[in-house]
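Asks: Structure in structure tokens, see below.
Bear in mind that the values in this text are calculations on the coordinates, not laboratory data. Values in this document were obtained by computation on a predicted structure and should not be read as measured data. FYI the Cβ positions are ideal-geometry reconstructions off the backbone, even for glycines, and counts take in every protein chain you see.
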Amino acid sequence: MQNKFKTFLTTILCTLLCCFSLFAQDKPQEEAKEEENEAVLLPEGVVIDSIIQITEPFDALRPAKAAFYSAILPGLGQAYNKKYWKIPIVYAALGTGVYFYINNNNEYNRFRDAYKSRLAGFETDEFYFSAAGEKLDDPRVSTERLETAQEFYKKNKEISLLVLVGMYALNIIEANVNAHLLQYNVDENLSLAPHYKFNEIDAKSDIGLTLNFKF
């Protein structure tokens with residue numbers, strides 16, 4: 001009786017050991033299969049994430065740098081943005097403002113000096129002489145016209161100065177905005193394009209905008 005019990009117990013223990021052994025072998029196999037599945041799916045995830053490729057890192061300080069360079073030296077911000085063809089335009093605009101300011105300032109001083117000479121009682125200003133240098137009895141420009149000419153050229157001088165300052169500020173703003181646009185996302189997955197379609201129902205043309213946004 002005892003021999004039969006020992007045999008039965010031995011059989012049960014062997015069976016349990018075999019079950020544990022099989023379970024231990026199955027678990028690593030399942031983990032290996034899961035790892036293989038992840039290894040197969042991983043490249044697809046990488047491909048999806050790499051649809052939009054960033055060719056150049058985003059620099060948040062680039063617009064500020066471009067504006068700062070243009071403030072120090074007009075045209076330097078455009079050179080920083082690699083828009084060299086804009087530099088002659090910047091200096092042409094600033095040069096035009098400087099030219100008109102200097103011209104109006106010289107004319108203003110010219111009529112102002114003649115007006116001050118008249119008020120002092122002198123008849124020696126340039127308008128008392130002809131083109132040949134002869135002294136005239138009556139001046140070519142009256143005192144009232146001298147005063148009017150002063151006001152005219154003074155106003156033009158101030159306008160020229162404002163235009164010059166405006167061109168200088170526009171040079172800074174252009175460099176800043178252009179630096180922003182150079183880093184603007186123009187990927188094909190995000191686009192806004194005109195839309196034209198012929199409506200077959202009412203035989204009319206439909207015009208609109210199409211917005212494409214792809215993930």
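Asks: Please compute the net charge surrounding residue 174, taking Lys and Arg as +1 and Asp and Glu as -1 over other residues with Cβ under 11 Å from its Cβ.
Replies: Neighbour charge sum, excluding residue 174 itself: +2.
Asks: Additional query: At 25 °C and a viscosity of 0.890 mPa s, what translational diffusion coefficient does Stokes-Einstein give for the stretch 62-186, taking Rh as the Kirkwood radius over Cα pairs? Give it in µm²/s as a whole number.
Replies: 141
Asks: At a 10 Å Cβ-Cβ cut-off, how would you order 117, 142, 70, fewest neighbours first?
Replies: Taking fewest neighbouring Cβ atoms as first place, the list is 142, 117, 70.
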